[in-house]
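Peer 1: This is the structure, below, for whatever I ask next.
The values are calculated or read from the model by the stated rules, or taken from the named source; none is laboratory data. Keep in mind that what you see is a predicted model, and the values were worked out from it rather than measured. Cβ sites come from the backbone with ideal geometry, for glycine too, and all protein chains shown count toward neighbours. All accessible areas refer to the heavy atoms of the entire protein, side chains included, with ligands and DNA or RNA removed. Shrake-Rupley method; radii C 1.70, N 1.55, O 1.52, S 1.80 Å.
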Amino acid sequence: MTRLAPPPDLLLTATSRAPMKITFNGRSIRCVNQSMPVALPEWREFLQSYSDDYLRVATDEELARLDEVQRENQWLGYEPASEDAVRAAEERLGVQLPPSYRSFLLTSNGWRNIDSLLYELLKVEEIGWLPEANPELWGIWAEDDDDLTDLLRRCVVLSGPADGDYWLLDGSKIGPDGEWTAYLWMASSGGEPEPYPSFGALVVHAREFFEKFSGQHGRPVHPEGADDLLAEGRRQAQAGDVDAALASLSAAHAKGSALAPYLAGLLTCFTEQGPSAESYIRNNVLNERVLTAVDEVHLRAELIPLYLNMWRDGATQGPGYFARWFADYLPPAEATTEPDSSLSPGARTRAEFDILASRAARYVPPVLPEAPAFQQALDDAYGLIATGDNDAAWEVIRQALPLWETDSPYRIAPVILRANPAFRPVITPDRYRTIVTTPRP
């Protein structure tokens, strides 16, 4: 086998770096901050625990990717690489591999399903400098971006075929501990490689992502404490600490709570504007598991009108796009005819969206009861808006915010202020956050 030389000026290059931050293309990126496996015993314990957790919550499709030996042994990895095999790879590459990756290989020569979007970490005999190890990938990206090309040229590729995602080790950035900067590169989405302080840090991140992803899909690895986090998020929201509330609800979501993302979605409509809020709801709330956890009356009264009106917040899509998610809840179409079958696919889709928009325009949500003092403020505000005195209407609402209260598990903020189009002249984007940061004793 021909020995491949490492990229020039690499062997003796070492750059000091802050343990929690790496600069790439002039941009500082936060990295993982927690203990991570480095030595052999640490890797064995970490990987066995990871295997146990993964296999306990894996779907049938995920289990099917494992071979019979891995399922029987309850181990997602393989036999350890020999010291001779690791040294042979180092000789072939012309460098000494970083400590955390080296110890990983001596624990398991490769790994299956290390990441939800990355199916295989290569065996030590298969790794190589990216231009030679994956010439097709190199050919695609080599002329795309000078900075990216320079980075990729200096990286060892660690992962096998996947859906456009790769794990890389950068031999040009070596810390005082001998660790190389590791990258998660989601090439399929066109993003820049995301750096981590070491291979071990990237594995820890992958495990954290796996736990979060599994919990959010109803297969929590560690479900204990989910209800406590949900209750804490509600208390924090009541106190006006919306950022802490969102963090608690996110943690509850990762532990399997189906109600947490629903409540977080309602809050996000006050903390984010336009596409960001819509994206959160679409990605985290609009699924059967979450929607069936919410009482239908509350769903119809708050989430549906809230989402149907998001097209007004500068979205590029029209009202029909948003209405399609709740088609089953909308009034029937006034016309019984379907779009003309002779239309092109694009024209047919636009016609279908027009019908949905018409149905959404006739949707009348149920009205949830409010505390008497807060309802009185809403009534007063309605009257002031009718006369065009929007500033006075806002002042009435602002003073009444501490009076909003609920005993419903499905409510966490006065969503009517965002969901009811009548309040749009008053509840402007610069006032959204005030609504959820005002404490409610």
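Peer 1: For a quick check of your reading of the filter: which GluC sites (Glu not before Pro) in region 105-207 sit in a DSSP loop and have no more than 11 other Cβ atoms within 10 Å?
Peer 2: Numbers: sites: E120, E125, E126, E132, E136, E143, E179; in loops: E125, E126, E143, E179.
Sparse-neighbourhood loop GluC sites (Glu not before Pro): E143.
Peer 1: On to the next question. Considering amide H positions built from the backbone, and no H for Pro or chain starts, which residues 5 or more places from S108, or on another chain, come under 5 Å of its amide H?
Peer 2: Amide H to amide H, under 5 Å and 5 or more residues apart or across chains, S108 pairs with A81.
Peer 1: Working out 0.36 nm times the residue gap between H217 and I140, then minus their Cα-Cα distance, what length gain in nm do you get to one decimal?
Peer 2: In short, 24.3 nm is gained.
Peer 1: Something else: Hey, what number do you get for the chain at 222 nm if only DSSP H runs of n ≥ 4 count, each worth -39500 (n - 2.57), divided across all residues, to the nearest 500?
Peer 2: Working: 21 runs with 205 residues, N = 441.
When only DSSP H runs of four or more count, the value is -13500 deg cm²/dmol.
Peer 1: Starting from the coordinates of the alpha-carbon atoms of region 289-441, obtain the Kirkwood hydrodynamic radius over all distinct pairs and give the value in Å to one decimal. Working shown, then result.
Peer 2: Working: mean 1/r = 0.0578 Å⁻¹.
Computed over region 289-441, the radius equals 17.3 Å.
Peer 1: Taking R0 as 30 Å, what FRET efficiency do you get between D340 and Q317 from their Cβ-Cβ distance, rounded to the nearest 0.05?
Peer 2: Numbers: r = 22 Å, r/R0 = 0.75.
That pair, D340 with Q317, gives E of 0.85.
Peer 1: Residue-wise, which Karplus ³J(HN,Hα) couplings in Hz belong to region 122-130, taking 6.51 cos²θ - 1.76 cosθ + 1.60, θ = phi - 60°, and x for glycine or proline?
Peer 2: With coefficients 6.51, -1.76 and 1.60, one gets 5, 6, 4, 6, 9, 6, x, 4, 3 Hz.
Peer 1: Contour minus end-to-end for A247 and D227, with contour as 0.36 nm per residue of separation and end-to-end as the Cα-Cα distance? Can you show the working numbers first?
Peer 2: Details: separation 20, 0.36 × 20 = 7.20 nm, distance 1.40 nm.
Residue separation times 0.36 nm, minus the Cα-Cα distance, leaves 5.8 nm.
Peer 1: Give the residues of region 106-125 whose amide nitrogen is closer than 15 Å to a point set 7 Å from the Cα of E91 in the direction of its Cβ.
Peer 2: Of the residues in region 106-125, 125 have backbone N under 15 Å from the label point off E91.
Peer 1: Something else: Check I114: other-chain or 5+ apart residues with amide H under 5 Å from its amide H, H built from backbone geometry?
Peer 2: E120, L121
Peer 1: Continuing with this model, one more query. Show me the trypsin sites (Lys or Arg not before Pro) within region 49-110 that DSSP assigns to loop and that have at most 16 other Cβ atoms within 10 Å of their Cβ.
Peer 2: Values: sites: R56, R65, R71, R87, R92, R102; in loops: R65.
Here the trypsin sites (Lys or Arg not before Pro) that fit, given the DSSP loop and packing criteria, are R65.
Peer 1: Please work out the ratio of the alpha-carbon Rg of region 326-372 to 2.2 N^0.38 Å and round it to two decimals. Write out the running numbers ahead of the final one.
Peer 2: Numbers: Rg = 15.1 Å, N = 47, 2.2 N^0.38 = 9.5 Å.
Computed over Cα atoms of region 326-372, the ratio equals 1.59.
Peer 1: With a cap of 16 neighbouring Cβ atoms within 10 Å, and only residues DSSP puts in a loop, list the trypsin sites (Lys or Arg not before Pro) found in region 332-422. Don't jump to the answer; show the numbers that get you there.
Peer 2: On the way: sites: R348, R350, R359, R362, R398, R411, R418; in loops: R362, R411.
When the trypsin sites (Lys or Arg not before Pro) of region 332-422 are filtered for loop state and at most 16 Cβ neighbours within 10 Å, R362 remain.
Peer 1: Continuing with this model, one more query. Just want the answer: with Cβ charges of +1 for Lys and Arg and -1 for Asp and Glu, which residue in I427, A81, L356 is farthest toward the dipole's positive end in the chain?
Peer 2: Toward the positive end, the furthest listed residue is I427.
Peer 1: Does region 186-227 come out rounded, prolate or oblate, given a ≥ b ≥ c as the square roots of the eigenvalues of its C-alpha gyration tensor, rounded meaning a/c under 1.5 and, failing that, prolate meaning a/b above b/c?
Peer 2: Working: a/c = 3.74, a/b = 1.80, b/c = 2.07.
Since a/c reaches 1.5 but b/c is at least a/b, the shape of region 186-227 is classed as oblate.
Peer 1: Taking the 0 to 90 degree range and rounding to the nearest ten, how far is the long axis of helix 226-238 tilted relative to the main principal axis of the chain, both from C-alpha atoms?
Peer 2: Long axis of 226-238 versus the principal axis of the chain: about 50 degrees.
Peer 1: Now for a different question. To the nearest Å, what is the center-to-center distance of region 46-82 and region 302-331, using C-alpha atoms only?
Peer 2: Using only Cα atoms, the two centres lie 42 Å from each other.
Peer 1: Could you order H253, H222, H298 by accessible surface area, starting with the largest, using a probe radius of 1.4 Å? Before the final figure, lay out each step's value.
Peer 2: Values: H253 10, H222 70, H298 30 Å².
Accessible-area ranking of H253, H222, H298, largest first: H222, H298, H253.
Peer 1: If you take the beta carbon distance between V69 and L291 as r and set R0 to 25 Å, what does 1/(1 + (r/R0)^6) give as a FRET efficiency, to the nearest 0.05? The partial results should precede the final answer.
Peer 2: Numbers: r = 41 Å, r/R0 = 1.62.
Efficiency, from the Cβ-Cβ distance: 0.05.
Peer 1: Further question on the same structure: Where the Cα atoms of the chain are projected onto their three principal axes, how long is each span, largest first, in whole Å?
Peer 2: Between the extreme Cα coordinates on each principal axis of the chain lie 82, 59, 47 Å.
Peer 1: Taking all protein chains together and a probe of 1.4 Å, list V221, V364 from the most accessible to the least accessible.
Peer 2: Values: V221 10, V364 120 Å².
Ranking V221, V364 by accessible area, largest first, yields V364, V221.
Peer 1: Then there's this: At a 1.4 Å probe, what is the % contribution of carbon and sulfur to the accessible area of region 143-260? Before the final figure, lay out each step's value.
Peer 2: Details: 2230 of 4430 Å².
Solvent-exposed carbon and sulfur of region 143-260 make up 50 percent of the total.
Peer 1: Determine ³J(HN,Hα), in whole Hz, for all residues of region 45-53 in sequence, where each value follows from phi through the Karplus function 6.51 cos²θ - 1.76 cosθ + 1.60 and θ = phi - 60°; x replaces Gly and Pro.
Peer 2: 5, 5, 6, 5, 5, 4, 4, 4, 5
Peer 1: Which semi-axes, in whole Å and largest first, does the equivalent ellipsoid of region 287-360 have when worked out from the alpha carbon gyration tensor as the square roots of 5 times its eigenvalues?
Peer 2: Working: eigenvalues 121, 42, 24 Å².
Output for region 287-360: semi-axes of 25, 15, 11 Å.
Peer 1: Using a 1.4 Å probe, what is the accessible area per residue for the chain, in Å²? Could you put the intermediate results ahead of the total?
Peer 2: Numbers: 20840 Å² over 441 residues.
Result: 47 Å² per residue.
Peer 1: Please state, rounded to one decimal and in Å, the Kirkwood hydrodynamic radius that region 91-162 gives when every pair of distinct Cα atoms enters the mean of 1/r.
Peer 2: Details: mean 1/r = 0.0756 Å⁻¹.
13.2 Å is the Kirkwood radius here.
Peer 1: Quick one: pull the percent of accessible area on region 320-393 belonging to carbon and sulfur, 1.4 Å probe, ligands and nucleic acids left out. Numbers along the way, then the final one.
Peer 2: Values: 2480 of 4480 Å².
Solvent-exposed carbon and sulfur of region 320-393 make up 55 percent of the total.
Peer 1: Charges on Cβ only, +1 for Lys and Arg, -1 for Asp and Glu, centred on the Cα centroid of the chain; of V204, Q48, Y119, which one is farthest towards the dipole's positive end?
Peer 2: Farthest towards the positive pole: V204.
Peer 1: Further question: Assuming R0 = 56 Å, can you tell me the calculated FRET efficiency for the pair S188 and Q375, based on Cβ-Cβ distance, to the nearest 0.05? Please report the intermediate quantities before stating the final value.
Peer 2: Working: r = 50 Å, r/R0 = 0.90.
Working from the Cβ atoms, E equals 0.65.
Peer 1: Roughly how big is region 377-441's charge dipole about its Cα centre, with Cβ charges of +1 (Lys, Arg) and -1 (Asp, Glu), in debye to the nearest 20?
Peer 2: Details: 7 positive and 8 negative charges, 66 e Å.
With Lys and Arg at +1 and Asp and Glu at -1, about 320 debye.
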